[in-house]
1. Hey, what's segment 680-774 come to in accessible area per residue, 1.4 Å probe, Å²?
2. State which entries of Lys538/Lys763; Lys165/Lys243; Lys424/Lys473 exceed 26 angstrom in Cα-Cα distance in the structure shown.
3. Please give the charge dipole size of segment 66-148, origin at the Cα centre, charges +1 on K and R Cβ atoms and -1 on D and E Cβ atoms. Round to the nearest 20 debye.
4. With a 1.4 Å probe and all protein chains kept in place, how do Phe557, Phe148 rank by accessible area, largest first?
5. Among all the aspartates and glutamates, which ones have a C-alpha under 13 Å from Lys873's C-alpha, if same-chain residues fewer than 8 places away are not counted?
6. Considering amide H positions built from the backbone, and no H for Pro or chain starts, which residues 5 or more places from Ser885, or on another chain, come under 5 Å of its amide H?
7. Using only the alpha carbon atoms of segment 760-807, find the Kirkwood hydrodynamic radius as the inverse mean reciprocal pair distance, in angstroms to one decimal.
8. When only Cα pairs under 8 Å and 6 or more residues apart are kept, what is the percent relative contact order across segment 356-404?
Amino acid sequence: LNLNLLNIWFIVLCPIFTVTLLLMCVCVKTLFIVRQPPMIIRQSVQDHIVEPTDPIIVECEATGNPPPVFTWTRDGVYLNVARDPQVSMKRRSGTLEIFFWGRPEDYEGMYQCTATNEFGSAVSSHIHLRVSKARTWLKEYLEPVSVFVGLPLILPCNPPVGPPKPQTYWMNSSMVPIRQDRRVSMGENGDMYFSSIVAEDALTNYVCTARFPNSNTIQQKPPLILQVHTARMAAQIAPKFMKPKGTASSQIGMLGEELVLECFASGVPAPSIKWTKDWEPLSMDGMKLENFNKTLRIKKISMDDGGEYICTASNRMGYLDHIITVRVKSTPFWVQKPESLVLSRDDGGQIECQADGIPRPRIQWLVNGEPIEDAPKRADRQVSGDTLTFRSVVPDSSAVFQCNASNPYGYILANAFLAVMDMKPRLLGFRNQLVKVTEGSQTLLHCPYFGSPKPDLRWSKGGMGSLEGGRFKVLSNGTLEIRRTKLQDQGTYVCSASNVIGREEMDVQLEVKEPTKILRAPHNVIVIKGSLARFECKFQTDSTLDVTVTWLKDKKFLILGRRMTKDEDSLTIADVYRRDEGVYTCRVKTEVEDVSVSAKLTVMGMQNIHTHMRTHKNKAYNRPDPPTDLEVSDPYERSARLTWIPGDSHHSPIKEYLVQYTEDLLADYWLVQSGWKNLTSYPGHLNSVVLKLMPFVEYRFRVIAINGIGPSRPSRPSEYYETGGAVPDAIPKNIKGVGTGIFRNNMEISWEPLEYREWNGPKLGYMVWWRRRDSREEWKNYTTYWWCSHIIYETDTFTPYEIKVQAVNYFGLGPESPIIIGFSGEDRPTAAPDDLRVSDGLWSHIYVYVVIQVYYWRESSRLPHHTVSIRIKSKSFKANGPRLSGPLTGLIPYSNYMMYIVVANNRYEGPPSNRIGFQTLEGVPSVPRSFRIMHRHYDTLYVDWEEPAEPNGILIGYTLKYQTLNVSGERMQVENLPPNATSFSLRRFDRYTRYKFSLAAQTQIGVGEVVTGESPHFTTEGHSRTIKGYFPSFCVSTHIIFVCVCQVDIATQGWFIGLMCAIALLVLIMLTVFFIKRSRGGKYPVRAKRDFVLGPLDDKEEGTFDYRYVVFITLHSGTIEHMQKMTNSDDSLMEYGEGDEIEFNEDGSFIGEYTGTSKRDRDSSQYQESSEATSPVAIYSFA
């Protein structure tokens, strides 16, 4: 019964609630929507030139509420967009899109857009639409031009008319530009002017070329041939003007536009041109002389550019003046553009429209696009020249008014509406703004507002009083201007707007920061090539702001590297090159300001130095001499005065002095020395400065002088100077209090020691203060001089304490540190967490309601045949509530898990909770194992695999996809295989067709990881393939590496057959050489012994062994000859078995075999160097 009543109430109340919510949304929307007449916010330019190859876009965008309706007129006639298939209008916009496929010239004309809603109509300016035309010259034959030497000549170009205006050039028929000089030059209209003709002008023809910039097309005029008659000598002629003609002319220049004045004169020799204004030299400010002074170009003409410009042409025969009177005119421009007016009922106001021009423009008012004099007369408005006055307006007075200012040189048009409404004030700015500025700057706090009647806007600080006057000024748009902002101006400012209907206010938070100060700016540096250049840039910014320091060279970001390095307050350039010259800028940028300082680097070579020395013989430019006689005086704890005598500057003024120091920190009974460091720099005119130092430090100083050439050598160090001691300034850092050791009733307070330079005096110690938090007990303290920790005993277990530490030395106590909270020792947790449970299992994670430490492990898989390894894992969760939960991720799907939790602190773990088990849901399987692709036969591929290592559920099958490689348009084939399948075979067209396979296992949840592979080549697969016999190949694929090893029948491989053929051919060649040598060269030594007279024999007794002879043979015979002698015993029986030249000893052995002096060896050794016979045994051995 209760459930039925609840359903009935829900059915009744739901529609009521829905309707109420919709009404609230409508009311809110109505409150924040302001109904207003239309206003044109975007339109195309008045002279709109488009390309004929692109769709024509004519823009017209307007605002208004309700949204306005757009209409167009062309040449004053209504343009029916719906009836022209080539014209369309963008949705919710008045922009026209013209897609022409015929003559684009048919759509040229004067367009005007009108945007209309129930409050009035706004109109755009007239848009003159023209199509860019790359017209061609008429095909005509140009007669040759005949002219005598010395006479002037003008070659007309008359390029095709645009739009746009083409750019003209003169070239010959080989497309080589005609060289221009004082005698020959081209005018702005494209005509070529010859002040006098010479015979060489006939050596080429002349082609006028026009280039249209929008379409990048080039048109050429037919070539013109110039015939020069040289029957008489060219006489010298006084100047005469070719353009402009006569001695005076006038020209009109439009204000703000470019004006070009030209002056071409004839004469022999070619006249030179000079310009003056009002008979005074030109200032050349904003002006440029071009075309060998024949063209004066004024880039942006102003009222001061009007007057008389005199062009003077002169040569040795005389001179001639031409006066060009320039009159400056102007199209209308706004002095005060009309602004829209929002009035409440029975209120009044004015819309002013002030424009100026030369001549003064005429003002015409229109209402909703029609002349106001043609509109019905109304008593609530009155036109008086450039002002519209409204009195006692009513809602029907709303309209859009247009102000048209025109003179003979153009017109301008602007829309302004009158809206009559009653609305409470609305502040349109962002709420709770935070504005950050620097001290001394100008601050602008914006507060745009709206309302009708116009609200009264006021600014106050903290909601008290009104800010107006003095340094505060409220602008008409609601912005509060604060001049010369001070630190005390920081705070909360309230902007409030009110009228008779209501009131609204907004807060703006102002933060005033210290300005960035450049303490040491870089100076101009002159260095020698290869030396070191350094720019300093030391600054000070507000400590609460992030600062970024960048260096620029010639206004481009500097790339730092090995030679250019930057530290905290300087830039160093080592091994300076010429290309390093330039202006270097140090840019310090914070959130609120950007400060830059610059200096110039000049690099001088040794040649420049020598040139300066030769030019100034009595001056030797060099680096300055080091300062002398350093003296330290006026000692104080934190400062001292350093005075020195400047060295010789060597005629290059000293720009600055760099003071360096080395310090010995007096740390009780030992000294801690440091190297020389930069302290600060001072201007070059000072030689006595006050140094800011640290207490209780022993200093030595030295000074380096720097001029434009570079730094001097360091001065001799000063005497040791020891500053007095003072109380410590620094506060110990990293203070903490924790329990220590095995005891639970203590707390160790520790901190980081101060650096030696922060001691400020001898006998540094630390005073430690502590007390229990939230207690009224007094602070306890202890002073230690040797340790940076102190242990408090007999504390309660895990009790919070307030702790602070301050440094102390011989001179007194330093500042106290902020109070921090520490805790005493912890004990072992005594209770185990209860109510351990898990939420519904997900794929790979679950939510565990735990306290601190979770221990879990995978007990088994939910698949009965699948074995798992048990490994305990843990995860920590922070305890911050009575009931805690957290996710366990990385769990394996479809598994049985066990878990328990313990409470832990920093030292101990408590007793474990009860163990619980949970199961994870089914997931997608892992990648199949042992994926292999083989070809056991020529026309069949075999694919086999094993079950995934982690099925993650019950397998329902496998998805095998394959596709031929390198065949475009081949469709992927898909095979769905049962879960017990572990192989697949595929017949292919030929043995060389290769396939790409991909395999994935599948459960009810989805498809698992995919393994891919490609079938191997039928031939070798590279070094990773096993090429032995006709065995199956195998492929192993992982997520990262894919290796395929292929084993094929080696006897069918092409490379193996080729290798065997090469070996057989080589053996055949070697056998042929062997038999040839045996038949031709084997008996050559015997014939030689019979045909030639032998030298004297060795007198040594046969049978003796001569070591010298063996050495002789080794040194004078090659390796093959030596091998031949060593194998002569093998040759002798085969080669000389029938002869009588061989000597035997008594036991039948060769004498020469043992003695090395057989007769045959001695006879043949004389001819071994020239003989080509080689022992066949040696050849056989070599082969």
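The values are calculated or read from the model by the stated rules, or taken from the named source; none is laboratory data. Just so it is clear, the structure is predicted and the values come from calculations on it, not from any experiment. Backbone-built Cβ (ideal geometry, glycine too); neighbour counts: all protein chains shown. For accessibility, only protein heavy atoms count, side chains too; no ligands or nucleic acids. Shrake-Rupley method; radii C 1.70, N 1.55, O 1.52, S 1.80 Å.
1. Details: 4670 Å² over 95 residues.
Here the per-residue accessible area is 49 Å².
2. As for pairs spanning more than 26 Å Cα to Cα, those are Lys538/Lys763.
3. About 260 debye.
4. Phe557, Phe148
5. Straight-distance partners of Lys873: Glu859.
6. Under 5 Å from the amide H of Ser885 lie the amide H atoms of Val850, each far enough along the sequence or on another chain.
7. Here the Kirkwood hydrodynamic radius works out to 12.1 Å.
8. Numbers: 43 pairs, mean separation 24.0, N = 49.
About 49 percent, as a whole number.
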